[in-house]
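Asker: Please find one structure pasted underneath; my questions will follow.
Values in this text are rule-based calculations from the coordinates and carry no lab data. Note that the structure is a prediction, hence the values are computed from the model and not measured. For neighbour counting, all protein chains shown are included, and Cβ atoms are generated from backbone atoms with ideal geometry for every residue, glycine included.
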């Protein structure tokens, strides 16, 4: 049953914001695909990255010389490697690394938009929202973990695609646990249980009238 209550300003603003973010993400995804196509045609010079790739790496501090006794440095520190005139393979590895998180973001915004749309219609505690929230939990928990594994594999492949650097020891950041995505997925699962309980209560109330 759809409630005649007018949605609050906060809900309407959230719906507009989520819709805008979704549209921007889709546009950026199209631009990323066009950039890859241009990079294939130009032999590695893509639209987004041009003729120079800036690749995040890690460098070992063992070969950087001695440091004072009262100064402590980590074994590996962050660094950026600039690759001029990248190959097609290097361009593809760099470009694909941003597509996985973008797809997860687009899927999440689409599901959140569906939830907000039902709230604006005055029918938040329906089976559709329970399904959306469960899918959102799966997307964040499973999709976020798969994206992290994919990103780690791409970092390894990019490291192998770089020319040798005899003066320094380069490495890549290891795979990490996507804590933010897992917490977001857990929150979505909890909300889906709350919405399912609300939907059951509504059915019980309507059944007694």
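Asker: So how far apart, in nm, are the two label points at residue 19 and residue 103 if each is 7 Å from Cα heading toward Cβ?
Answerer: 2.7
Asker: Set the Förster radius R0 to 25 Å, insert the Cβ-Cβ distance between residue 62 and residue 152 as r into 1/(1 + (r/R0)^6), and round the FRET efficiency to 0.05. Provide the component values of the computation, followed by the final result.
Answerer: Numbers: r = 23 Å, r/R0 = 0.93.
Efficiency at R0 = 25 Å is approximately 0.60.
Asker: Treating the Cα atoms of the chain as identical point scatterers in vacuum, please give the log10 of the normalised Debye intensity I(q)/I(0) at q = 0.08, 0.10, 0.13, 0.15 Å⁻¹, two decimals.
Answerer: After summing over all Cα pairs, the log10 values are -0.45, -0.63, -0.87, -1.01.
Asker: Next up: Please report, to two decimal places, log10 I(q)/I(0) for region 90-184 at q = 0.17, 0.21, 0.22 Å⁻¹ as given by the Debye formula with identical point scatterers on the Cα atoms and no solvent.
Answerer: -0.80, -1.01, -1.06
Asker: Please give the length that would be gained between residue 183 and residue 170 if that part of the chain were fully extended, namely 0.36 nm times their separation in residues minus their C-alpha to C-alpha distance (nm, one decimal).
Answerer: Contour length minus Cα-Cα distance gives 1.5 nm.
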